[in-house]
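Encoded as structure tokens, the structure appears first; notes follow it.
The values are calculated or read from the model by the stated rules, or taken from the named source; none is laboratory data. Since the model is a prediction, treat every value here as computed from it, not as a measurement. Cβ: placed from backbone, ideal geometry, glycine included. Neighbour counts: every protein chain shown.
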Amino acid sequence: MATDEIQLKALMLASLDGDAASHRLLLDRLSSRLRAYYRGKLAGIGRVAAEAEDLVQEAVLAIHLKRDTYDTGEPLTPWVYAIARYKLVDHLRRTRASRADVPIEEADEVMAHDDHNAVESSYDIGRLMERLPKKMQCAVEAVKLDGLSTAEAAKRCGLSESGVKVNVHRGLRTLAALIAREAPT
Amino acid sequence: MKTDDLVALLSTNLEPVERSPVVRALCVALAAGTAVAFGIAFVALGVRSDLTTIRALIYLTAKLAFAIGIVGFAVVYLTRLARPGGERKSSPFLVVVPFLVVVFLAAISLGSAPRSHWDRMIVGDQWLECLLSIPIIAIVPFAVSIWAVRKGAPTNLVRTGAFAGLIAGGVSAMAYALHCTDDSLPFVAVWYGGTIVLCTLAGAALGPRLLRW
């Protein structure tokens, strides 16, 4: 567990500096842990495990969008756990769970197990993207899906380079908000 | 959507992030909220006319110390609450210290005065104005505090809202103190303390709705 924390924190620090490979590896490893965590939690309160993938993706998005709130002087595990638990409670409230109590555990629990058996979530990225304003949609598509540089994306979308960055950021935030509003059944 | 696809999407063309923008946002919010609150108190209510006397200055300083004490503790705690899991890191009970001090001093001051003065010391001249002014002046500081905290990711929304309300109430009390000529400590304890608590409760009630992410 301790080596886990050290490795994941190193990945986090690198990804905060903009290292894409570290970020990808970090999110990948966190998502398998989140999957095990959510599947366990949902099974424990009698919910179907298929919802777990929705939650994994909500949490991964939140970790990505809120990564600037991570205090680099602190360990990573409690930060991830706080987000994971917040998203679980929020999800249960939204899906009108019978106010099932989510007990507070040790933060380590979220890192305790891996689960690599990913299924597809109920979110349809294409359909969600269509609901974004045109500029955001174009910027996210160009930069995040097609992997264009900021300059190329700026040309394609008719925006300035800083406009592209702003629209990518807002676009992802809006996607997260759309996902959070969509109550999967 | 597959989680792998989402991870790939999020990692493509990753940008480095600015560290702790929420702390800076809170400082900006506090400065802006204080400026607006003082502006409103200055324009709408006016500064107390006897401000140049030593006596008035002493009481103004005491009221400001009370309010600044609250705001100081609350801001430190709110910067923690704005991060995921921040509520588990430290206990918020230091913020009651300024309240306890004022209540204690008020009790001493009541104890040393004859009973027949008590009504007047507690109710003062302008209790209604105080009761209305502090929450109204607190609206803008509250709004900017919420704006700042939303840059973070609070995971205890009730408590975070409460602290945003507490800060707003404290800032508002600082501004209102410039105008208020009720100088007895029991008045400050009841009407300043009470309205600040009211702002805190309002913040706690609004927190979950305003801060969700």
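Quick notes on this structure:
- Residue in region B:72-86 that is surrounded by fewer than 18 Cβ atoms within 10 Å (Cβ to Cβ), modelled with pLDDT under 90 and within 30 Å of A:Tyr81 (Cα to Cα) present: no
- Only one entry in B:Leu10, B:Leu30 is buried (at least 19 other Cβ atoms within 10 Å of the Cβ) and touching a Ser or Thr at 6+ places or on another chain (Cβ under 9 Å), namely B:Leu30.
- Among the residues making up region B:108-151, a single one is within 14 Å of another protein chain (Cβ to nearest Cβ) and out of contact with any Leu (no Cβ under 8 Å at 6 or more places or on another chain): B:Lys151.
- Subset of region B:99-117 that is of a type outside the set (A, V, I, L, M, F, W, C) and surrounded by 12 or more Cβ atoms within 10 Å (Cβ to Cβ) - its residue that is nearest to B:Ala65 (Cα to Cα): B:Ser109
- If you filter region A:23-32 down to residues that are of a type in the set (A, V, I, L, M, F, W, C) and free of Cβ contacts under 8 Å to residues at least 40 places away in the same chain, you find that the one that is nearest to the other protein chains (Cβ to nearest Cβ) is A:Leu27.
- Residue that is surrounded by the fewest Cβ atoms within 10 Å (Cβ to Cβ), among those in region A:37-81 that are over 26 Å from A:Ile125 (Cα atoms) and within 9 Å of chain B (Cβ to nearest Cβ): A:Thr72
- Among residues of region A:4-22 that are more than 13 Å from A:Arg67 (Cα to Cα), those with a beta-carbon under 6 Å from a residue that is among the aliphatic types (A, V, I, L, M) at least six positions away or on a different chain give the pairs A:Asp4/A:Met111; A:Leu8/A:Leu76; A:Ala20/B:Leu14; A:Ser22/A:Leu11; A:Ser22/A:Ala14.
- Note on region A:119-172: among residues that are buried (at least 16 other Cβ atoms within 10 Å of the Cβ) and of a type in the set (Gly, Ala, Ser), the one that is nearest to the other protein chains (Cβ to nearest Cβ) is A:Ser121.
- Among the conditions (1) in a loop (DSSP other than H, G, I, E, B); (2) over 30 Å from A:Leu175 (Cβ atoms), the only one that B:Met1 does not satisfy is (2).
- Answer residue from region B:77-101, given it is within 14 Å of chain A (Cβ to nearest Cβ) and in a helix (DSSP H, G or I) and is farthest from B:Leu178 (Cα to Cα) among those: B:Arg88
- Condition met for A:Thr150 (in contact with an Asp or Glu (Cβ under 7 Å, 6 or more places away or on another chain) and touching a residue at least 60 places away in the same chain (Cβ under 8 Å)): no
- Enumeration of residues in region B:16-65 that are more than 20 Å from the chain's Cα centre (by Cα), within 14 Å of chain A (Cβ to nearest Cβ) and either in contact (Cβ under 8 Å) with a residue 60 or more places away in the chain or more than 30 Å from A:Thr72 (Cβ to Cβ) (or both): B:Pro21
- For region B:118-125, the criterion of being in contact with an Asp or Glu (Cβ under 7 Å, 6 or more places away or on another chain) and surrounded by fewer than 16 Cβ atoms within 10 Å (Cβ to Cβ) is met by at least one residue.
- Any chance B:Ala41 is in a helix (DSSP H, G or I), farther than 19 Å from B:Ala164 by Cβ and in contact with an Asp or Glu (Cβ under 7 Å, 6 or more places away or on another chain): no
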